[in-house]
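Notes for the one structure printed next.
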Amino acid sequence: MTRFLAAIALLLGLSACADPAFKDLEELPPPMGRFLLGHTVVVVNEPEKGPFSRDASDEEWKAAMERAIKERFGRYDGDRYFHIAVKVEGYVLAQPGIPVVAAPKSVLVVSVTIWDDEKQAKLNEEPEPITVFERLSGETAISSGLTQSKEEQMLNLTRNAALKIQEWMLEHPEWFGDASLMDPATTSAGRPASEVMAELEAQAATAATAATTDEIAEPGA
């Protein structure tokens, strides 16, 4: 458990603006009513793995997807909680060794449900299916399997999935209420992702330290 928490702290420490394809993360988020991120629920239960794919565990996908959701939606500073539930349905993580002419691409398939905490109700009756490919960059123009690690591929895909989820949610402004009703003393237009992730990184590091302390205190547990 300690090693896992430490790994999460390291994952959270990846710079939100390191990838120019997602430079919008360092900008204020587009207005989305009174939205404030509540629970992030990611379900991964042996998703379908496509052909010629690297392996990734359920735990790795869960951690990466949770990170991407919190990174993008944690920027909002509204006054009504909404929960985002994501199920990872399938993926391909392009691997090295495949002929360049095939140009294998990484892909992620998820389904999404949004919950209104105040109403205790789903906002979309059927889960929204979303399929994303890796965002194009100098490293992925041919195949990310040749230029990126598995972790980098997963970061790219989950960030892109979070972006597509946001774009879909922005198509439904009626879900998230009238922003003019918010108290400006306790809400704001939002903040950049680096601030959000710095807080989560500190929380993960604290949890990892506490777990290590517990293990030392109870070596036989």
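Out of the residues in segment 92-132 that are hydroxyl-bearing (Ser, Thr, Tyr) and at pLDDT 95 or above, state the one that is nearest to PHE52 (Cα to Cα). Let's see the steps before the verdict.
Applying the first criterion (hydroxyl-bearing (Ser, Thr, Tyr)) to segment 92-132 yields 106, 111, 113, 131.
Now drop any that are not at pLDDT 95 or above, which leaves 111, 113, 131.
Working: SER111: 23, THR113: 30, THR131: 18 Å.
Among those residues, the one meeting the criterion is THR131.
Residue-wise test of (1) surrounded by fewer than 16 Cβ atoms within 10 Å (Cβ to Cβ); (2) at pLDDT 95 or above; (3) among the β-branched types (Val, Ile, Thr).
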{"site": "ALA7", "(1), (2), (3)": "no, no, no"}
{"site": "PRO20", "(1), (2), (3)": "yes, no, no"}
{"site": "LYS23", "(1), (2), (3)": "yes, no, no"}
{"site": "GLU46", "(1), (2), (3)": "yes, no, no"}
{"site": "ASP55", "(1), (2), (3)": "yes, no, no"}
{"site": "TYR76", "(1), (2), (3)": "no, yes, no"}
{"site": "ILE84", "(1), (2), (3)": "no, yes, yes"}
{"site": "GLY90", "(1), (2), (3)": "yes, yes, no"}
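I need the full set of residues from segment 177-205 which are among the β-branched types (Val, Ile, Thr) and either touching a helix residue (DSSP H, G or I) at 6+ places or on another chain (Cβ under 6 Å) or part of a loop (DSSP other than H, G, I, E, B) (or both), in order please. THR186, THR187, listed by residue number.
Among the listed residues MET65, MET32, which satisfies the condition of being touching a residue at least 60 places away in the same chain (Cβ under 8 Å), closer than 15 Å to VAL112 by Cα and of a type outside the set (D, E, K, R)? I'd like the intermediate steps shown before the answer.
Working: MET32 fails: closer than 15 Å to VAL112 by Cα.
Just a single option satisfies the conditions, and that option is MET65.
The values are calculated or read from the model by the stated rules, or taken from the named source; none is laboratory data. Keep in mind the model is a prediction, meaning the values are calculated, not measured. Glycine gets a Cβ as well: all are built from the backbone with ideal geometry, and neighbour counts include every protein chain shown.
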